[in-house]
Amino acid sequence: MKYKEQKLNILKRLFNNVETTKLSGAMKEDYFEHTHLAENGFEIEFNNFQYIFDHLTSGIWMREEIQGDLVYASKGFEEILNLPLDKIYETPSLRFQMVHSMHKKEVAAHLEMVAEGKKVQMLYPINDGKGQKKWLLEQIIPRVKDDGIVTQIFGMITDVTHEMKIEEKLNFLAHYDSLTRLPNQKSLFEKLDHFCREGIKFSLLYLDIDRFHVINNSLGYQIGDEALKKIALRLSDLTPEEGYLARLNSNDFILVVKNYEYEEEVYEVADKILRSFEKPITIRDYVLHMTTSIGITFFPEEGEGRLTLLENAHTALYQAKRQGKNNYQLFSYSKDIPSYKKYVLDRDMRLALINDEFNLYFQPQVEPREGFIVGAEVLIRWQHPEWGDISPAEFIPLAEENHMINNIIDWEIEKVCAILHEWKVKGYRIYPISINISPMRFMKDGLVELIQKQLEKYDVEPHYLELEITESSLLKTDQTVLTILNELKELGVKIAIDDFGTGYSSLDYLRKIKPDTIKIDQTFINNIKSDSEIDKGVIASILFLGKRLEMKVVAEGVEEKGQLEFLKHNECDMIQGFLFSEPVPKEKYEKMIQVGYLKAVQKSKRKSGMRENRKFYRFELPLHIQGEMTIAEVNDQVVHVGSTPILIENLSLGGIRVLSNLKLPVNSNMKFKFEFKVLGEVIELYGRLRWIEEELPDVYSYGVLFRLNRTYEDYLARLINQMTTLRIKNQPIPNTEFVYEQVSSYFQRT
Ligand code: C2E
Ligand code: CA
Ligand code: CA
């Protein structure tokens, strides 16, 4: 008895606020039964437990039977629930009332599991006694008797608000952009994937803040960041109710418009955005006038998946930029083949350097009497994986626009020095090499240092290197360029003025720059044959001028013997042109320098007029059919870019022959779609370009091969048959000149 009393006292203290009388008989029994404390010293042990319980930040509780009274709640409860313990004992259901309504169901379900004798752990938010939101982690352990009846329930709650906040933050960071607080790229991709999967019709607006780098570069990133935040806010305001706005990266935003009835509604959103930019953005003391360009694409019409849609929207955006920025463009408008090609070249240029797709060709320069080689101009070529050989005239202007030109030129300088070194090691006779330097490169620091470094690295004497700078670019010349040119000359590098005679430069520049070489532009040379006295006069004067100023003169674009004779007669120093050699690959040039001279060989004239073999006019189409061509696939990926006019020359079941004014890659991994009408029927064919011929100046003839399925083949065969019969009856074969004129004027029109 004494023993039992002692234990009861201890329990009393353990459950400090609970009246012993509140303890039910069963509970008392259990406690005594299960207390394995030694008789001596168990008071001390209980003291210890109580001490621990009361100081735990978690709350421990106990209840007898599932619906029974709360028999114990430790002090920790007070703080967690922000309620005095009395209250908790008085109204145990208060705790359930505190649970956020969204989680009530879940908590109730867990309690039911407890009633079935299962251990549970749950996480839920509450509003505590003072209305503060808290996250609680609660573990509940039922004690079950052999007969399966739950006799006691023990629980522990812990306040995990802090941990949840960290988790929420991490979650936020994973899905949102910390600067603008808009959904980030990851969220955007998930969202777009979801829309595509569910087949939800939407339009995607790809926004890029124009010239944003100028703000970053001139005012610093902090101002740039502030500007982006404000822009994000403005865009959020303009996002339609069911729309979605995300920040893709730096200054690119994506706006998704859903649930529109007419496409015009999407254009309205784009219009509103453009107009909203008319109001300047003020950050600290800066009033920033900004604009944005927008590319628009529609799902599912213009792409079945997220990647294609973004890519297409970007193509449209690119088009908007090219149209002078501050406007929006639709993908469907911007997808003519030349714009697409520009876009692809622009996109791939960076990779081209890494993938070694640029190649240097050498065009020898000779002295006019014996044809001895005296130097060469290095001309760049780009072998694009899909578009084949790209002319520098096509991609250098693009490179100047996207600033890749500097990397390209630096690469060329190193490459040329390395090659000169290689030739020296091989014991070849070395001639100077000239490199074309865009004026842009002079704007960037370090040109002189770079050249000096490469010359030293490859042990090349400076006078083997000549830099060509175009006359027209001198117009933009300021003092810094002159300083750089002088520094280069001091280094021993030679300077040439390219395309002389085409720009507006005054002779004053010649005095200031004192170039080593002047290159007479091709157009003057070209006009020698037409006996233009003015051009001949200009050439003779330049040659005279060169002599007086002790500058070498190179005549460019010399193609004919007559031109050579004239230049020789007027004592031109150097000749560069197809008459001696076209630009050739390095290996071929190496063979040339080993021989040391070249013979003047006038190339046969380009055959003018149509091909001799004209049998398809007789057997197939008497007149060309007008049609349209689109790029359907690149590398097996569907793109649908195009709508470029073509003329169909002939038509058979295995292929067609078409005319276009675009130079397109043959035997590439591009598939084209051809659309035209025959006898009122719309024909759609998919095929690849197998060969190309320049039919007229800037008009190319392509052989297209395709494979048709049986049904289509039968259908086409019937049409061809009908055409043949009709033609035999009705149509005379048109004469070549007539066709020739028609073709020329057709492409001039388009
Ligand atoms: P450019 O500097 O005036 O180069 C001469 C161009 O005339 C070259 O064209 C050359 O192939 C061509 N040519 C040479 N002889 C004849 C001829 O007898 N008849 C005709 N019809 N053409 C001739 P290409 O290689 O297509 O280069 C075009 C332009 O692209 C160059 O004009 C130059 O401005 C630029 N470019 C070429 N390579 C580079 C380069 O490596 N770097 C830079 N920055 N620009 C380059
Ligand atoms: Ca040149
Ligand atoms: Ca030139």
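Odds and ends about this structure:
- Cα gyration tensor shape of the stretch 345-595, rounded if a/c is under 1.5, else prolate or oblate by comparing a/b with b/c: rounded
- Angle in degrees between helix 185-198 and the longest Cα principal axis of the chain, rounded to the nearest 10: 90
- Those trypsin sites (Lys or Arg not before Pro) in the stretch 387-496 that DSSP places in a loop and that have at most 12 other beta carbons within 10 Å: Arg429, Lys476
- Neighbour cut-off at most 14 other Cβ (10 Å), DSSP loop, trypsin sites (Lys or Arg not before Pro), the stretch 161-191: Arg181
- Contact order relative to length of the stretch 176-332, as percent, for alpha carbon pairs under 8 angstrom and 6 or more apart: 28
- Working note: Karplus 6.51/-1.76/1.60 with θ = phi - 60° gives the stretch 406-415 the couplings 4, 5, 5, 5, 4, 5, 4, 4, 5, 4 Hz, where Gly and Pro are set to x.
- Shape category assigned to the chain from the gyration tensor of Cα positions, a/c cut at 1.5: prolate
- Cα gyration tensor shape for the stretch 61-118, rounded if a/c is under 1.5, else prolate or oblate: oblate
- A 1.4 Å probe run over the stretch 292-354, with the rest of the protein chains in place, finds 40 Å² accessible per residue.
- Cα centroid separation - the stretch 660-728 against the stretch 396-475, whole Å: 46
- Amide proton proximity set for Leu662, modelled H, under 5 Å, gap of 5+: Tyr700
- Helix-derived mean residue ellipticity, 222 nm - over the chain, DSSP H n ≥ 4, -39500 (n - 2.57), to 500: -13500 deg cm²/dmol
- Contact order for the stretch 665-717, expressed relative to its length and based on alpha carbon pairs under 8 Å spaced 6+ residues apart, stands at 27 percent.
- The calculated pair-distance distribution of the stretch 176-332 uses every alpha carbon pair, bins of 10 angstrom beginning at 0, and gives 11, 43, 35, 10, 1 percent.
- For the residues Arg275, Arg95, Arg143, a 1.4 Å probe over the protein chains yields an accessible-area ranking, largest first, of Arg275, Arg143, Arg95.
- Trp411 - accessible surface, heavy atoms, 1.4 Å probe, Å² rounded to 10: 50
- Computed from Cα positions, the angle between helix 161-175 and the longest principal axis of the chain comes to roughly 20 degrees.
- The apolar share of the surface of the stretch 176-332, taken as the fraction of accessible area on carbon and sulfur atoms (1.4 Å probe, ligands and nucleic acids excluded), comes to 45 percent.
- Share of carbon and sulfur in the accessible heavy-atom surface of the stretch 345-595 [1.4 Å probe, %]: 51
The values are calculated or read from the model by the stated rules, or taken from the named source; none is laboratory data. The shown structure was predicted, so the numbers you read here are calculated from the model rather than taken from an experiment. So basically every Cβ, Gly included, is an ideal-geometry build from the backbone, and we count neighbours across all protein chains shown. What goes into the accessible areas is simple: the full protein's heavy atoms, side chains included, and nothing from ligands, DNA or RNA. Shrake-Rupley method; radii C 1.70, N 1.55, O 1.52, S 1.80 Å.
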